[in-house]
Amino acid sequence: MGTCDSKSCEHCESKDKHSREDVLKCKLERIRHKLIVMSGKGGVGKSSVAVYLALALAQKGYQVGLLDIDLHGPSVPKMLGLHGLLRITPDQEIVPHEYRPNLKVVSIESMMEDTDSAVIWRGPLKHGVIQQFIAECSWNDLDFLVIDCPPGTGDEPLSIAQLIPDAQAVIVTTPQEVALADVRKSINFCKKVNLDIAGLVENMAGLYCPHCNRFIPIFRTGGGEKTAERMKIDFLGSLPFDPSVVEGGDAGRPVLEDALESPFKTAVHDLADAVLKKVSRQDRAGGGLRETTVH
């Protein structure tokens, strides 16, 4: 089968005859960059990094999708204040939530009537659901699909590596050694399954005093950058700890939407700029990004 043109897969006359793999390929061709946000262990703020990276890219005018495949502990809808079930079209396509005109969001939580229900699935079922979220969602043309993955190197990141061979990993850590030890395993996982690594992000690197703006290290500093250098991957930057990020996540109001400037907001936009710089070489060869006007 030939590849789809720039028109949507819905216009393919033989859509109903396509295998799921064909539809997946067609959908992925319309997404320029796929970023899987992962971590070696839980508690490092991986989902926050995924949400804020996606939002920062959208604020810069790019077409962005945010896919939450943390099937056992989805948190993206809560952090963005998204409620209600996703709509299914008569053609059985999943319609993502629209957080803003150029930021679409899909999560398993938005497919469940009872969000307190436990998801008890084995690997093959997880793989099928992840494939469905990509192939059967109306993502349309995207510059970036940011994928929030559960911590560790289990079924979900392995499925992404198999389903999206050109995905790039954004690996999140915190400065303390227990997190850095696990992140080295994530880096080696990516190398073993041939998953490209966009780079490493050090989260909760320190705290800025709200009174004097002095930087206060919470843990030791510089561990993320040293690990990136040692493992020969790019270091994308550090994000400071900011209590308002936690408060905003609980309330469903990301602090990146606030008018007030802060060291955290500056660091998030620096992270997005680092990612854009990382992928710019590919865009020069492939025709650029689908930038839109953001008001």
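Kindly provide the pair-distance distribution of segment 40-284 built from C-alpha pairs, with 10 Å bins from 0 and whole-percent values in order of increasing distance.
Values per bin, smallest distances first: 7, 31, 38, 20, 3, 0.
What percent antiparallel are the DSSP beta bridges of the chain, to the nearest 5?
Working: 8 of 40 bridges.
Among the beta bridges of the chain, antiparallel pairing accounts for roughly 20 percent.
Pairs K126/K226; K226/K277; K34/K265: which exceed 32 Å Cα-Cα?
On the way: K126/K226 35 Å; K226/K277 21 Å; K34/K265 23 Å.
Beyond 32 Å: K126/K226.
Counting only helical runs of four or more DSSP H residues, what would the 222 nm mean residue ellipticity of the chain come to if each run contributes -39,500 (n - 2.57) and the total is spread over all its residues? Don't skip to the end; give the middle numbers.
On the way: 9 runs with 107 residues, N = 295.
That comes out to -11000 deg cm²/dmol.
Excluding residues fewer than 8 places away in the same chain, name every one of the lysines whose C-alpha is closer than 19 Å to that of K78.
Candidates past the 8-residue exclusion: K46, K104.
Let me check against my output: what whole-number percent is the relative contact order of the chain, with C-alpha pairs under 8 Å and at least 6 apart?
Values: 541 pairs, mean separation 70.5, N = 295.
Worked out over the chain, it gives 24 percent.
Which whole-number percentage describes the relative contact order of segment 179-286, with Cα contacts under 8 Å and a sequence gap of 6 or more? Could you put the intermediate results ahead of the total?
Values: 111 pairs, mean separation 26.9, N = 108.
Computed over segment 179-286, the figure is 25 percent.
How far apart, in nm, are two points set 7 Å out from the Cα along the Cα-to-Cβ line at E21 and at F215?
4.9
Excluding residues on the same chain fewer than 8 positions from K278, give the aspartates and glutamates whose Cα lies under 15 Å from its Cα.
D143, D166, D196, D234, D270
Could you order the peptides 240-253, 35-48 from most to least packed, using the average number of other C-beta atoms within 10 Å per residue?
By packing density, highest mean first, the sequence is 35-48, 240-253.
Read-outs: derived from the displayed coordinates by stated rules, not from any lab. Small disclaimer: the values here were computed from a predicted structure and weren't measured. A quick note on method: Cβ atoms are made from the backbone with ideal geometry, for glycine too, and the neighbour counts reach across all protein chains shown.
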